[in-house]
1. Under 17 Å between alpha carbons, and skipping anything fewer than 8 positions from residue 250 in its own chain: which aspartates and glutamates qualify?
2. Answer with one residue from 66, 371, 347: the one whose Cα lies farthest towards the positive end of the charge dipole of the chain, charges on Cβ with Lys, Arg +1 and Asp, Glu -1.
3. Let me check I've understood the local charge: for residue 380, count other residues with C-beta under 13 angstrom from its C-beta, Lys and Arg +1, Asp and Glu -1. What total comes out?
4. Which of rounded, prolate, oblate describes region 311-436, given a ≥ b ≥ c as roots of the alpha-carbon gyration tensor eigenvalues and a/c under 1.5 marking rounded, otherwise prolate only if a/b is larger than b/c?
5. I need 342, 196 ordered by Cβ neighbour count within 10 Å, fewest first.
6. Points 7 angstrom from Cα along the Cβ direction at residue 106 and residue 63: gap in nanometres?
7. Charges only on Cβ, +1 for Lys and Arg, -1 for Asp and Glu: so what's the dipole of region 360-452 about the Cα centre, in debye to the nearest 20?
8. Among DSSP beta bridges whose residues both lie in the chain, state the antiparallel percentage, nearest 5.
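What follows draws every value from the coordinates through simple rules; no lab data is involved. Small disclaimer: the values here were computed from a predicted structure and weren't measured. Positions of Cβ are generated from backbone atoms using ideal geometry, with glycine treated the same way; all protein chains shown enter the neighbour counts.
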Amino acid sequence: MYDLIVIGSGIGGLTAAAWIARHQKKVLVLEANHLPGGCCSSYPRKGYVFEAGATTLIGFDEYQPLYLLQKVIGFSLVKNELNPSMTVWLDGKSITRTKSFEEWLEISAQQFGDEEGIKKFWRLAWKLSNIVWKISGSNLRFPPTCFRDLLYLALQNNPRDAFLLKYAFLSTKTILKRFGLENHSEFLRFIDEQLIITAQNTAENTPFLFAAPALCYTHYSNYYLPGGMITLPKALIREYRLQGGEIKMKRKVVSIKLNNKNIYQVIDHKGQSYESHNILSNIPIWNLPEITEGKINKWTKTQADKQRNYWGAFTLGIVMQDELPDNLTLHHQFILPVNQHIPICNSTSVFVSISAKGDTIRCPVGERVLSISTHAENPEKWFRKKESYFQEKNLVENYIIQLLEERLPGFKKDLILFIQSATPVTWENWTYRKWGTVGGIPQSLKAPVFLMKGSLTPFPGFFRCGDTVYPGQGIPGVALGGIIAAERILTRMKIKK
Ligand SMILES: Cc1cc2nc3c(=O)[nH]c(=O)nc-3n(C[C@H](O)[C@H](O)[C@H](O)COP(=O)(O)OP(=O)(O)OC[C@H]3O[C@@H](n4cnc5c(N)ncnc54)[C@H](O)[C@@H]3O)c2cc1C
């Protein structure tokens with residue numbers, strides 16, 4: 001009998017598990033894969049270490065979720081700060097996204113024109129972004145579900161920040177129009193593509209309240225993790241275990257049900273059964289109908305059906321001989337020319353991250369590992385392909401290699417030592433996420449972050465976290481969701497005493 005069973009060792013689940021374990025609670029994490037971290041992980045192959053998904057890391061600045069987590073649970077992590085954090089390639093321009101906001105205003109003026117509207121747009125985004133981070137970390141009862149939560153929020157917040165709310169219902173496009181930028185097509189494309197990698201939606205549909213921190217992502221401390229992103233989940237597990245937490249790998253949960261004593265019974269694929277008064281699901285909403293029963297099943301089905309808007313990813317891992325320029329940024333976004341898109345995926349930009357020179361955990365000196373990703377629309381369609389699967393996979397792979405050859409300085413096809421690519425089918429095999437969906441629920445005006453479902457469900461003791469729960473995707477997002485879920489669970493545990 002456990003105090004809590006966490007299903008999945010994504011960053012959301014591990015954050016919550018580590019947060020609760022330090023309260024001398026008996027916590028068990030069940031993970032289907034042989035490696036932890038889900039979309040924020042790394043895996044060894046052919047002597048190299050490849051990134052599974054995420055490659056950029058923020059969240060350690062004051063008020064941000066990983067700052068809070070580190071302060072509370074004190075995990076240690078080797079991380080190197082990157083500045084500039086990213087280069088965006090657009091129509092022959094290379095646009096450097098610096099950490100310094102003031103420097104960025106200068107760069108933006110050089111690249112897009114010294115228009116007052118552009119400066120005003122960025123200044124508003126930066127102002128909102130800083131307030132959003134400050135507020136989100138101190139509102140651990142969000143979204144509110146009862147009078148006590150509302151009271152807590154009222155006491156916790158400064159009424160002067162209430163003006164923020166209106167930006168949850170205004171699209172980024174509306175704000176761009178307000179500053180006279182609606183016809184600046186180059187700037188609009190830049191904003192759309194920066195939003196698609198952070199908010200999973202474009203300016204037309206992304207509420208400005210979410211877009212502001214998403215667009216200002218590069219102005220916070222960005223880190224590179226030597227050895228790969230897996231060092232983050234591993235650091236959390238180390239701390240969690242020190243507090244007595246238990247984790248079982250290669251245990252896929254196949255059933256969750258509430259028995260007649262009001263205890264949750266969880267069964268893994270080997271038939272082993274575990275019991276607890278509290279369950280925390282760190283898996284996407286779309287996975288839950290398959291493993292739940294009765295009323296919980298009905299509810300998860302309804303919730304999953306409401307969210308039919310999702311992305312998949314097409315990713316590549318490449319090892320190449322290192323002929324890249326020494327001063328090359330580690331992260332790059334390549335925006336495709338107008339009216340072009342990646343075949344089959346229908347995406348219009350490609351994100352490339354390069355292992356740091358001298359990161360010999362990932363590859364020998366003289367070689368570099370490239371992690372490449374692009375959005376893939378309708379991920380389900382990859383599951384219906386039979387004969388055409390490998391042909392279409394090769395088509396996308398070849399298109400992306402061609403693009404890199406044309407646009408990434410120092411990259412040549414002949415320098416490739418090893419290459420592998422992954423479709424949504426591969427993603428489902430790796431993360432067990434239904435249809436290989438990634439990136440959670442795209443931010444949209446119909447479902448602004450404020451109205452997203454939080455960690456509470458109608459079933460006492462059944463909680464959720466991860467990228468299909470408030471505040472949504474991204475490492476800092478799911479870490480915040482994990483902290484909120486943990487606080488909710490601790491409240492219930494105290495009530496139960
Ligand atoms: C290609 C790509 C690039 C990205 N880049 C970035 C980036 O640069 N920066 C950033 O901040 N974010 C990035 N993200 C987003 C970020 O990685 C995710 O939002 C975040 O890691 C999701 O965490 P999660 O808590 O939802 O759990 P997940 O990562 O979804 O992990 C869930 C875990 O549950 C396990 N599991 C599933 N089903 C079961 C079951 N039945 N039983 C037991 N275990 C189960 C899985 O194996 C997995 O380990 C990227 C995502 C992708 C896909």
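1. 31, 268, 428
2. So the residue we want is 66.
3. Numbers: positive: 308, 381, 384, 385, 433, 434; negative: 377, 428.
Net charge in that neighbourhood comes out at +4.
4. Working: a/c = 2.05, a/b = 1.56, b/c = 1.32.
Because a/c hits 1.5 or more and a/b exceeds b/c, region 311-436 counts as prolate.
5. Working: 342 21, 196 25.
Lowest count first: 342, 196.
6. For residue 106 paired with residue 63, the spin-label model returns 2.6 nm.
7. Numbers: 13 positive and 10 negative charges, 52 e Å.
Charge dipole of region 360-452: 260 debye, to the nearest 20.
8. Details: 50 of 68 bridges.
So the antiparallel bridges in the chain amount to around 75 percent.
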